[in-house]
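K.L.:
First, the structure itself, so that you have it in front of you.
Read-outs throughout are calculated quantities, based only on the coordinates presented, and are distinct from any laboratory measurement. No experiment lies behind these values; they were computed from the predicted model shown. For neighbour counting, all protein chains shown are included, and Cβ atoms are generated from backbone atoms with ideal geometry for every residue, glycine included.
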Amino acid sequence: MKIPRLVIVGGKLALICTVAAVVLGLVNAVTAPVIVENRERALAEGLAAVAGKAGVSGAHVGEASPIADSPAAQTAYPITGGNGEGIGFILQLIGTGYGGDMQLLAAYHPTGELFSAQMMENQETPGLGKKAEAPEYMDMFIGSGAESPIPTSMSDLPASQADAITGATITFIGVGRALADGSELVRELEGLSEGGTQ
Amino acid sequence: MSDVVDIRPGAILKNNLWSNNPIFMQILGICSALAVTNLLTNTAIMTLGVTLVTGFSSLTVSLLKKLIPRKVRMIVQTLIIAFYVIIVDLVLKAFLPEISKNLGPYVGLIITNCIIMGRAEAFAQSNGPIVSFWDGITSGLGYMGVLLVMAVFRELLGFGTLFGYQIMPAAFVPWTIMVMPPSAFFLLGLIIWAGKTMMGGEKA
């Protein structure tokens, strides 16, 4: 019996795909645990870095709580001082940048005032939006969120800071909006926890 | 002019690095040339990835050329290229996470680099595996050379640094245009003009 040509071609393609899939599976089996470990280490270092700027000795980051019903925030971590008093929250935020989603860690006082933030995973343009990974980039947002709103457009910034974000405005707006949403969420969380203790 | 390709290693090297350079003679791989060349480190890692993917894709295509049905060869070539790019991406994410973070989406975009498919189709499909591997590697090196030259100018004038080390004096005002894609267009145009003028054979 003659095997149809279509079956032969299909069989060869299936064989090549199978070999490729098996080898990629093996490579993934080797690299996946290392990638997960890298992510966890980066998260732990990020949490320690942002909590460390609370200005309180012995600041401790509590267990993660998932946040439902918020497009910007994924997880909240309570921060407590050495005596167990509540200092604020760290939120794991998602902003939209030039290259898609940007993950941020942001620490707020219970009033919603941002006191520390750090850019995590992102796909922003090297040399432009990637500048948001520099710790000093977040200086333009720190201290706002309670008495003054978090800047979300270039017009909210003084001229010197506006010049610094030239070429990466979309990144700035994405970061600003995510941080502003986080600030609002912290005030809601604080309102809920106060309500719960009354 | 003869259509016979000289497959001696020295001739392939000279051809791919200079007389038939993929960037300034074949005008291939231009998108990534514009995208990644604003920092030398990123350019070096990205072009190393392209070089390895081109070499191993050509080797694999050459080894499998008798097995691959002619009518579906381009699908298989794309699969082979994607296979190597995924491996490069996973290895970078696992063992060089900082570099992977800096390169962002550009690693995945190696798949779309025309040089890789071009060498697979034009050379590996009709030559032996070792010489195809050499052709792929040297094509990648030709691409790497041009992009590194562009990156030197862009990082130096755009940031005042080379490989992140401050080179220009503190009083130097960085040229923001140099870190943006339009500057790569101008530089690439100049490189194509300079390369073709030096060869003297074609109108720039």
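K.L.:
Just to be sure I understand: with springs between alpha-carbon atoms less than 10 Å apart, which residue in A:Glu136, A:Glu121, A:Glu37 has the highest mean-square fluctuation in the Gaussian network model of chain A?
P.N.:
Greatest mean-square fluctuation among the candidates belongs to A:Glu37.
K.L.:
Now for a separate question. Can you give me the C-alpha center-to-center distance between segment B:121-189 and segment B:1-65, rounded to a whole angstrom?
P.N.:
Comparing the Cα centres of segment B:121-189 and segment B:1-65, I get a distance of 13 Å.
K.L.:
Please state, rounded to one decimal and in Å, the Kirkwood hydrodynamic radius that segment A:1-87 gives when every pair of distinct Cα atoms enters the mean of 1/r.
P.N.:
Numbers: mean 1/r = 0.0562 Å⁻¹.
Evaluated on segment A:1-87, it is 17.8 Å.
K.L.:
Mind giving me the FRET efficiency for A:Glu188 and A:Met1? R0 is 60 Å, r the Cβ-Cβ distance, nearest 0.05 is fine.
P.N.:
Working: r = 72 Å, r/R0 = 1.19.
The pair A:Glu188/A:Met1 has a calculated efficiency of 0.25.
K.L.:
Another question about this same structure. Give me the inter-chain shielding for B:82-92: mean count of other chain Cβ atoms within 10 Å, whole number please. Don't skip to the answer; put the middle values down first.
P.N.:
Details: counts 2, 8, 1, 0, 5, 5, 0, 1, 8, 4, 1.
Whole-number average of other-chain Cβ neighbours for B:82-92 is 3.
K.L.:
With bins 10 Å wide starting at 0, give me the P(r) of segment B:84-204 over every alpha carbon pair, in whole percents.
P.N.:
Per 10 Å bin, starting at 0, the Cα pair percentages come out as 11, 27, 37, 20, 4, 0.
K.L.:
Which value, to two decimals, describes the C-alpha radius of gyration of the protein assembly as shown once divided by 2.2 N^0.38 Å?
P.N.:
On the way: Rg = 25.9 Å, N = 402, 2.2 N^0.38 = 21.5 Å.
Dividing the Cα radius of gyration by 2.2 N^0.38 Å gives 1.21.
K.L.:
Hey, what D do you get for chain B in µm²/s if you plug the Kirkwood alpha-carbon radius into Stokes-Einstein at 37 °C and 0.692 mPa s? Mind showing how you got there, number by number?
P.N.:
Working: Rh = 17.7 Å.
The Stokes-Einstein estimate is 185 µm²/s.
K.L.:
Quick one: what are the phi-derived ³J(HN,Hα) couplings along segment B:153-163, Karplus 6.51/-1.76/1.60 with θ = phi - 60°, whole Hz, x for glycine and proline?
P.N.:
Residue by residue, segment B:153-163 yields 5, 5, 6, 5, 7, x, 10, x, 10, 9, 6 Hz.
K.L.:
Something else now. Please identify the longest segment of chain B free of exposed chymotrypsin sites (Phe, Trp or Tyr not before Pro), where exposed means a DSSP state other than H, G, I, E or B and no more than 14 other Cβ atoms within 10 Å. Numbers along the way, then the final one.
P.N.:
Values: sites that count: B:Phe163, B:Phe172.
The longest uninterrupted stretch comes out as B:1-162.
K.L.:
Could I ask something else about it? Going through segment B:47-143, which trypsin sites (Lys or Arg not before Pro) have at most 10 other Cβ atoms within 10 Å and a DSSP loop state? Intermediate values should be presented prior to the final figure.
P.N.:
Working: sites: B:Lys65, B:Lys66, B:Arg70, B:Lys71, B:Arg73, B:Lys93, B:Lys101, B:Arg119; in loops: B:Lys65, B:Lys66.
Filter output for segment B:47-143: B:Lys66.
K.L.:
Here's another thing I want to ask about it. What residues qualify as long-range amide H neighbours of A:Ile87, i.e. H under 5 Å apart, gap of 5 or more or another chain, H built at 1.01 Å from N?
P.N.:
Placed amide hydrogens put A:Ile79, A:Thr80, A:Gly81 under 5 Å from A:Ile87.
K.L.:
Could you tell me which of the pairs A:Lys2/B:Lys66; A:Lys131/B:Lys93; B:Lys93/B:Lys196; A:Lys53/A:Lys131; A:Lys2/B:Lys71 are separated by over 29 angstrom between their Cα atoms in the structure shown?
P.N.:
Values: A:Lys2/B:Lys66 21 Å; A:Lys131/B:Lys93 20 Å; B:Lys93/B:Lys196 39 Å; A:Lys53/A:Lys131 20 Å; A:Lys2/B:Lys71 20 Å.
As for pairs spanning more than 29 Å Cα to Cα, those are B:Lys93/B:Lys196.
K.L.:
OK, next. Can you list the HN-Hα couplings for segment B:14-30, worked out from phi with the Karplus curve (6.51, -1.76, 1.60; θ = phi - 60°), rounded to whole Hz and with x for Gly and Pro?
P.N.:
4, 4, 7, 7, 10, 5, 9, 3, x, 7, 8, 10, 8, 6, 10, x, 6
K.L.:
Work out from phi, with θ = phi - 60° and the Karplus expression 6.51 cos²θ - 1.76 cosθ + 1.60, the ³J(HN,Hα) of each residue of segment A:68-77, listed in order in whole Hz, and give x for Gly and Pro.
P.N.:
Here the 3J(HN,Hα) series is 9, 6, 10, x, 8, 10, 9, 9, 10, 10 Hz.
K.L.:
May I ask for the angle, rounded to the nearest 10°, between helix A:5-51 and the longest principal axis of chain A, with both axes built from Cα atoms and the value confined to 0 to 90°?
P.N.:
In chain A, helix A:5-51 runs at an angle near 20 degrees to the longest axis.
K.L.:
How crowded by other chains is A:23-31, given as the mean number of beta carbons from other chains within 10 Å of each beta carbon?
P.N.:
Working: counts 3, 5, 0, 0, 6, 4, 0, 3, 8.
Rounded to a whole number, the mean comes out at 3.
K.L.:
Let me ask you something else. Using the alpha-carbon atoms, what tilt in degrees (0 to 90, nearest 10) does helix A:169-197 show relative to the longest principal axis of chain A?
P.N.:
Orientation of helix A:169-197: about 60 degrees from the principal axis.
K.L.:
Here is a further query. Just need the Rg to Rh number for segment B:23-120, please, alpha carbons only, Kirkwood Rh.
P.N.:
On the way: Rg = 13.9 Å, Rh = 13.9 Å.
So for segment B:23-120, dividing Rg by the Kirkwood Rh gives 0.99.
K.L.:
Once the Cα atoms of helix B:73-95 and of chain B are each reduced to a long axis, what angle between those two axes, in degrees from 0 to 90 to the nearest 10, is obtained?
P.N.:
Around 40 degrees separate the two axes.
K.L.:
For chain A, report the % of Cα-Cα distances exceeding 20 Å. Mind showing how you got there, number by number?
P.N.:
Details: 12087 of 19503 pairs.
When every Cα pair of chain A is considered, 62 percent fall beyond 20 Å.
K.L.:
Further question on the same structure: To the nearest Å, what is the center-to-center distance of segment A:1-72 and segment A:105-161, using C-alpha atoms only?
P.N.:
Centre-to-centre distance over Cα atoms comes out at 28 Å.
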